[in-house]
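Q: Here it is: the structure, laid out below.
The values are calculated or read from the model by the stated rules, or taken from the named source; none is laboratory data. Note that the coordinates shown come from a computational prediction; the quantities given were computed from them, not determined experimentally. Positions of Cβ are generated from backbone atoms using ideal geometry, with glycine treated the same way; all protein chains shown enter the neighbour counts. Heavy atoms of the whole protein, side chains included, go into the accessibility calculation; ligands, DNA and RNA do not. Shrake-Rupley method; radii C 1.70, N 1.55, O 1.52, S 1.80 Å.
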Amino acid sequence: MTLGILQQSLQILHSVQKASFRDQVRWHITQEKLQDLLGPRKLKKVLDDKIYYFNDEDKTMVLENYQSRMLRITTATEGGHLPVMTNIQKINIEKIENLVIITTENKAGQKSQMCIINDP
């Protein structure tokens, strides 16, 4: 009986480690994609929950906290959006010098922070 419980516990531990690793990889890929997309853009305006960028055609592109549940990128003139992160409990966007800092918190209370270097 003890061996059966131990075997089940080890299987659960293995699946938790796999899920955690997958989440970390997904987070790193998201940060790299944001850096590639937004890093070389020129900042236009910074608010508490939004940052406006110029895109390649000098149109406005917005990184925003949408309904306090999603981090998304929109193009204000063309409409539509690109969800970057979903199912988030809290999102804070701030700019300090040439860094855009995005702090997120999920439902479990885990916080993550991304720093995007803005170097146009």
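Q: Does segment 41-116 classify as rounded, prolate or oblate by the C-alpha gyration tensor (a ≥ b ≥ c root eigenvalues; a/c under 1.5 gives rounded; else a/b over b/c gives prolate, otherwise oblate)?
A: oblate
Q: Another question, then. How many percent of the accessible area of the chain is carbon or sulfur, using a 1.4 Å probe?
A: 52
Q: Take the alpha-carbon centre of segment 23-49, take the same for segment 98-120, and report the distance between them in whole Å.
A: Here the two parts' Cα centres lie 8 Å apart.
Q: Could you tell me how many degrees, from 0 to 90 and to the nearest 10, lie between the Cα long axis of helix 2-38 and the main elongation axis, the longest principal axis, of the Cα atoms of the chain?
A: Tilt of helix 2-38: around 10 degrees.
Q: Can you give me the relative contact order of the chain as a percent, contacts being Cα pairs under 8 Å and 6 or more apart?
A: 19
Q: Estimate the FRET efficiency between T103 and E57 by the formula 1/(1 + (r/R0)^6), using the beta-carbon distance for r and 25 Å for R0, to the nearest 0.05.
A: About 0.25, to the nearest 0.05.
Q: Continuing with the same structure: Full-extension gain between D48 and V25, please, as 0.36 nm times their residue separation minus the C-alpha to C-alpha distance.
A: Length gained, D48 through V25: 5.5 nm.
Q: Which net charge results for the neighbourhood of D56, defined as the other residues with beta-carbon distances under 11 angstrom from its beta-carbon, given Lys and Arg at +1 and Asp and Glu at -1?
A: +1
Q: Okay, moving on. Name the lysines eligible as straight-distance cross-link partners of K45: C-alpha to C-alpha under 18 Å, and not fewer than 8 places from it in the same chain.
A: Output for K45: K59, K95.
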